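The values are calculated or read from the model by the stated rules, or taken from the named source; none is laboratory data. Note that this is a predicted model, so its numbers are computed, not measured. Positions of Cβ are backbone-derived with ideal geometry, glycine not excepted, and every protein chain shown enters the neighbour counts.
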């Protein structure tokens, strides 16, 4: 056994991977390497601290699996996994090679690091959660973080808007900028070419302070000459033009036509993102195209916030809230197209969007609830179709067959919705019902008369309370399938049965702990698992990710036991 190879292996094996090199080296000197053929009983009931009990070939040691697969109590331990610190039975599911560590040597190496002992003891403590989240962030590929400015064209990033003709008054300019939510506008000169630009700053410094009359021509306050950039140039080139000329705005030209303005603030938002700024942009958007521009920034914002330490529940409030703002603004644009609604209504987001889960570009399943009135259903159908197109432009559209207000199955009066919810709430344990209908039990109003949706929620909780607490997931279910989907559905059922009105899963788990004392580990498990949704992208699990999933399953088992007690 080569010492350097063992140390290198330990660096990839949690919780040893969090130790200093000197401690790893000392521990490696106390380790031994053993081979176990398939079917060998590796550990008995005694565990590492009770070597006198009847046990397996490695009884009295802690195992670090180097190759192969060890099974213990329904869990699989692959390369980079550790077991045997607590009492357990284990069998080699295939030929395996393990490092055997004396418990006292391991304890000495871990020192006073309580969080490392928590991981060995399968306790999902707050420090262990932080370790797991840090590992998840490290696995996000750098190229997913944001699209470089050099690959985005100025035309893509610019705020579109028609230029002003010569002779436009200051009053007219201010009205146009207010109505179109622009902070800068191009002024044309002779030959239809840009001759100047007016910004919010010009109004502050050249109109308000100078006391110019509102009917004065805009040319008297505009900045001139302007710097222009071709629409096909990169945003990086536009930024360099701003830097060279010490300005904050450039005119974007599509051939000989001024198509809009690009500001340094626009570029900053595209690179870094700012939830308040993006919310403001969504609220001021005057077209679906502008909404799509905001939506394009969501993924980069989410990943940046995740890298900076934001948790999944916080991302849900920020980025999920932005998705809701986009949907709400799209509804207003739809109302402008369709005219006033014939009856009060509310747009509801469903499933993952309602729970504010990731990834950032989660399709926005939606439904409409409306009061009874002549023409209300037809109007809401038209709104649903408008939203389908708008969400498609934002890359947030539900897939084929997914819930949308354009479908008669996903719109209706309160009475129709109560009948649907009563049926869905009785289709069986929600942990086993990851159907579209089960996801429809999670809904969040984002626009219109929220009272319609909240009245429906009260009825749903009444039905769930009568039905009682559903069956709980067993060991096989916790190990097989999607752990995240299973826990989301289970926590939904437990919460509804207890009358909890929260919609986000982590918030539901915290509320459950307050009313039923299921323990804080359940909400920590959901923080970790839902953070993985925000990280996005299919990735091969590393040893830390596998260890964290085992800890999440153990947390779910403990919560299940508390619910049974």
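Take the residues in the range 309-352 that are outside any helix (DSSP H, G or I) and modelled with pLDDT under 95, then tell me which one is farthest from residue 442 (Cα to Cα). Result: 309. Every listed requirement among (1) closer than 22 Å to residue 21 by Cβ; (2) crowded, with 17+ Cβ neighbours inside 10 Å is met by residue 122 save one, (1). When the range 349-358 is filtered for residues that are within 15 Å of residue 326 (Cβ to Cβ) and in contact with a helix residue (DSSP H, G or I) (Cβ under 8 Å, 6 or more places away or on another chain), the ones remaining, listed by number, are 349, 353, 356. Within the range 69-89, the set of residues being surrounded by 21 or more Cβ atoms within 10 Å (Cβ to Cβ), more than 17 Å from residue 548 (Cβ to Cβ) and at pLDDT 95 or above comprises just one member, 70.
Just a yes or no: is a residue in the range 177-190 assigned to a helix (DSSP H, G or I) and either in contact with a strand residue (DSSP E or B) (Cβ under 8 Å, 6 or more places away or on another chain) or modelled with pLDDT of 85 or more (or both)? Yes, because at least one residue in the range 177-190 is assigned to a helix (DSSP H, G or I) and either in contact with a strand residue (DSSP E or B) (Cβ under 8 Å, 6 or more places away or on another chain) or modelled with pLDDT of 85 or more (or both).
For (1) within 15 Å of residue 89 (Cα to Cα); (2) at pLDDT below 95; (3) surrounded by fewer than 18 Cβ atoms within 10 Å (Cβ to Cβ), each residue gets a yes or a no:
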site: 4; (1), (2), (3): no, yes, yes
site: 11; (1), (2), (3): no, no, yes
site: 16; (1), (2), (3): no, no, no
site: 27; (1), (2), (3): no, no, no
site: 31; (1), (2), (3): no, no, no
site: 44; (1), (2), (3): yes, yes, no
site: 47; (1), (2), (3): yes, yes, no
site: 52; (1), (2), (3): yes, yes, yes
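Here residue 148 meets each of (1) in contact with a helix residue (DSSP H, G or I) (Cβ under 7 Å, 6 or more places away or on another chain); (2) at pLDDT below 90; (3) closer than 30 Å to residue 306 by Cβ with one exception, condition (1). Number of residues in the range 527-558 that are farther than 24 Å from residue 82 by Cβ and touching a residue at least 40 places away in the same chain (Cβ under 8 Å): the value is 6. Of all the listed residues (136, 116, 100), the sole one being in contact with a helix residue (DSSP H, G or I) (Cβ under 8 Å, 6 or more places away or on another chain) and modelled with pLDDT of 95 or more is 116. In the range 273-283, the condition of being touching a helix residue (DSSP H, G or I) at 6+ places or on another chain (Cβ under 7 Å), part of a strand (DSSP E or B) and more than 21 Å from residue 200 (Cβ to Cβ) is met by no residue. Per the conditions (1) more than 12 Å from residue 313 (Cα to Cα); (2) surrounded by fewer than 21 Cβ atoms within 10 Å (Cβ to Cβ), the sole criterion not satisfied by residue 490 is (2). Is it the case that residue 391 is buried (at least 23 other Cβ atoms within 10 Å of the Cβ), touching a residue at least 60 places away in the same chain (Cβ under 8 Å) and part of a loop (DSSP other than H, G, I, E, B)? Judged against the criteria, residue 391 is not a match.
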